[in-house]
1. Rank these residues by their accessible area, most exposed first, probe 1.4 Å: 77, 106.
2. Fully extended, how many nm does the chain gain between residue 140 and residue 92 (0.36 nm per residue separation, minus their Cα-Cα distance)?
3. Out of 163, 145, 114, whose Cα points farthest toward the positive end of the dipole of the stretch 69-189 (charges: +1 Lys, Arg; -1 Asp, Glu; placed on Cβ)?
4. Using the per-residue mean of other Cβ atoms lying within 10 Å as a proxy for protection, in what order, highest first, do the peptides 121-130, 42-51 fall?
5. Over the heavy atoms of residue 36, what accessible area does a 1.4 Å probe trace out, to the nearest 10 Å²?
Amino acid sequence: MSPQDRLKGEHQSAQLEGTPVNHQPAPRREPTLAWEDFPIDSVREFGATPVTREAIVEFATRFDPQYFHVDDEAARSSLFGGLCASGWHTCAMTMRMICDGYLLDSASLGAPGVENVRWQQPVFPGDVLSVRTRVLDARLSASRPGVGLLRTGWEVLNQRGEIVMTMQGWGMMRTRDGLGAAAPSAAPG
């Protein structure tokens, strides 16, 4: 039986060990951060997510089973020189760090998406990832009172301070005045 087949059977429903620091679902919290707490050029640094071989193989087996993510021996002959995390796994670990770093404490209303995702360097077993975020633009919604829009840039770094991934995107967040209002419709504004 191949390592991929064995992992499919053993870990099909298992959580990804070593991926997020906290494996528990986050309960909804009262926001302590609103749109006004994210001025243009503000920077936040957070996270310390260890990357394990087991987490890399588990994620890749389920979602991105290319040989350099699931097979140590074959990965040595790849362009990466060894087993490395899927870029999508790096995105998922980043999202968890963003949630734990500030998003779950904010009045976030979601986002229409991310753009310019760039995987700058491979992520290997033993790496420890962190995030640096910078607010690039901020404006109030023209169509939804009490809602602000934030354009954010994220850099994901390894333990040596090397940038392994970057991305940007817009997010929607309640203003302090809008915290008591009902949720607006889902269409971006």
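1. Largest accessible area first, the list is 77, 106.
2. Extra length available between residue 140 and residue 92 comes to 14.4 nm.
3. Of the listed residues, the answer is 145.
4. With the highest mean Cβ count within 10 Å placed first, the list reads 121-130, 42-51.
5. Residue 36 exposes around 80 Å² with every protein chain in place.
The values are calculated or read from the model by the stated rules, or taken from the named source; none is laboratory data. Owing to the predicted nature of the structure, the values given are computational and were not obtained by experimental measurement. Cβ: placed from backbone, ideal geometry, glycine included. Neighbour counts: every protein chain shown. To get the accessible areas, we keep the full protein, side chains included, count just its heavy atoms, and leave off ligands, DNA and RNA. Shrake-Rupley method; radii C 1.70, N 1.55, O 1.52, S 1.80 Å.
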